[in-house]
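Worksheet: the structure to be examined is printed underneath.
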Amino acid sequence: MNDTTATTQRAYDALLAGMTPAERLQRMLSLTCLARNLAWAGAERAVGHLGRPKVVERFFLQLYGPDVVVPPRVLAAAAEASAVPHGL
């Protein structure tokens, strides 16, 4: 889905093309920082009342999605299962 007009997209492309590599890197880092700040604020708003570990979990889920982030409880269960000797 794209709600940007062709004229606006051309103007934006021209703006980016006129930037030096260092300026483009700075723009990317600024946008990444903004995304992380928004994700953190959203996580705090959604689950802040449950404590910092839940905020951190929600933050990573919002940034990377459930296919990338393994919840701590799953990791803990896997660690427990691997600690049990086979055959017991």
Can you tell me the order of 5-13, 45-53 when each peptide is scored by its average per-residue count of other Cβ atoms within 10 angstrom, highest first?
45-53, 5-13
Distance from a point 7 Å along Cα→Cβ of residue 40 to each backbone N in segment 55-71: keep the residues under 17 Å and list them by number.
55-64
HN-Hα J in Hz across segment 11-27 - Karplus 6.51, -1.76, 1.60, θ = phi - 60°, x for Gly and Pro:
5, 5, 4, 5, 4, 5, 5, x, 8, 6, x, 5, 5, 5, 4, 4, 4
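Each value in this text was obtained by applying a stated rule to the coordinates, not by laboratory testing. Please read these numbers as outputs of a predicted model, since none were measured by experiment. Glycine gets a Cβ as well: all are built from the backbone with ideal geometry, and neighbour counts include every protein chain shown.
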